[in-house]
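J.: If you scroll down you'll find the structure; I have some questions about it.
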């Protein structure tokens, strides 16, 4: 089950601020020719991927910060983590 797993950032990825703070961040890898633009919510999720928090804990942190969005947060966290995994920006323990 994904909620009990621990995502962590792949160290070789560079993080750059996007053009405006409302745009989030850009993730790039020296060996790849593409950049992944991550929205502000995705940037928070990326930051929380430290290998010490489970997916459920990340969703809980975001739910406490954004209580009006609790119904969507768990799904959005999982979707974001799966996209970051597909891009190769996070791995799992």
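J.: Residue check: is residue 77 within 21 Å of residue 92 (Cβ to Cβ) and either touching a strand residue (DSSP E or B) at 6+ places or on another chain (Cβ under 6 Å) or modelled with pLDDT under 95 (or both)?
T.: Spelling it out, it is not the case that residue 77 is within 21 Å of residue 92 (Cβ to Cβ) and either touching a strand residue (DSSP E or B) at 6+ places or on another chain (Cβ under 6 Å) or modelled with pLDDT under 95 (or both).
Results for (1) in contact with a strand residue (DSSP E or B) (Cβ under 7 Å, 6 or more places away or on another chain); (2) surrounded by 12 or more Cβ atoms within 10 Å (Cβ to Cβ), shown as yes or no for each residue.
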{"position": "9", "(1), (2)": "yes, yes"}
{"position": "16", "(1), (2)": "yes, no"}
{"position": "36", "(1), (2)": "yes, yes"}
{"position": "42", "(1), (2)": "no, yes"}
{"position": "56", "(1), (2)": "no, yes"}
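J.: Just the residues that are closer than 15 Å to residue 86 by Cα and surrounded by 11 or more Cβ atoms within 10 Å (Cβ to Cβ), please, taken from the stretch 18-34. Write out each step before concluding.
T.: Within the stretch 18-34, the first condition is being closer than 15 Å to residue 86 by Cα, and the residues that meet it are 27-29, 32, 34.
Those that are closer than 15 Å to residue 86 by Cα and surrounded by 11 or more Cβ atoms within 10 Å (Cβ to Cβ): 27, 28, 29, 32.
J.: Another question, if that's okay. Being in contact (Cβ under 8 Å) with a residue 24 or more places away in the chain, outside any loop (DSSP other than H, G, I, E, B) and out of contact with any helix residue (DSSP H, G or I) (no Cβ under 9 Å at 6 or more places or on another chain) is the requirement here; does residue 85 meet it?
T.: On the way: in contact (Cβ under 8 Å) with a residue 24 or more places away in the chain: yes; outside any loop (DSSP other than H, G, I, E, B): yes; out of contact with any helix residue (DSSP H, G or I) (no Cβ under 9 Å at 6 or more places or on another chain): yes.
Here the answer is yes, as residue 85 does meet what is asked.
J.: Of everything in the stretch 44-53, what is surrounded by 14 or more Cβ atoms within 10 Å (Cβ to Cβ) and outside any loop (DSSP other than H, G, I, E, B)? Give them in sequence order.
T.: Filtering the stretch 44-53 for residues surrounded by 14 or more Cβ atoms within 10 Å (Cβ to Cβ) gives 44-46, 48-49, 53.
Result: 44, 45, 46, 48.
J.: Please enumerate the residues belonging to the stretch 58-82 that are surrounded by fewer than 15 Cβ atoms within 10 Å (Cβ to Cβ) and under 12 Å from the mean Cα position of the chain (by Cα). So that I can check it myself, show each step before the final result.
T.: Step one: filter the stretch 58-82 for residues surrounded by fewer than 15 Cβ atoms within 10 Å (Cβ to Cβ), giving 64-72, 75, 79, 82.
Answer for the stretch 58-82, where residues must be surrounded by fewer than 15 Cβ atoms within 10 Å (Cβ to Cβ) and under 12 Å from the mean Cα position of the chain (by Cα): 79, 82.
J.: Let me ask you something else. Restricted to the stretch 1-31, and to residues that are part of a loop (DSSP other than H, G, I, E, B) and in contact (Cβ under 8 Å) with a residue 40 or more places away in the chain, which residue is farthest from the chain's Cα centre (by Cα)?
T.: Step one: filter the stretch 1-31 for residues part of a loop (DSSP other than H, G, I, E, B), giving 1, 5-6, 10-13, 18-20, 24, 29-31.
Narrowing further to those that are in contact (Cβ under 8 Å) with a residue 40 or more places away in the chain: 5-6, 10, 13, 29.
Details: 5: 14, 6: 12, 10: 11, 13: 13, 29: 16 Å.
My answer is 29.
The values are calculated or read from the model by the stated rules, or taken from the named source; none is laboratory data. Because the structure is predicted, anything quoted here is derived from the model rather than measured. Every residue, glycine among them, receives a Cβ derived from its backbone with ideal geometry; neighbour counts consider all protein chains shown.
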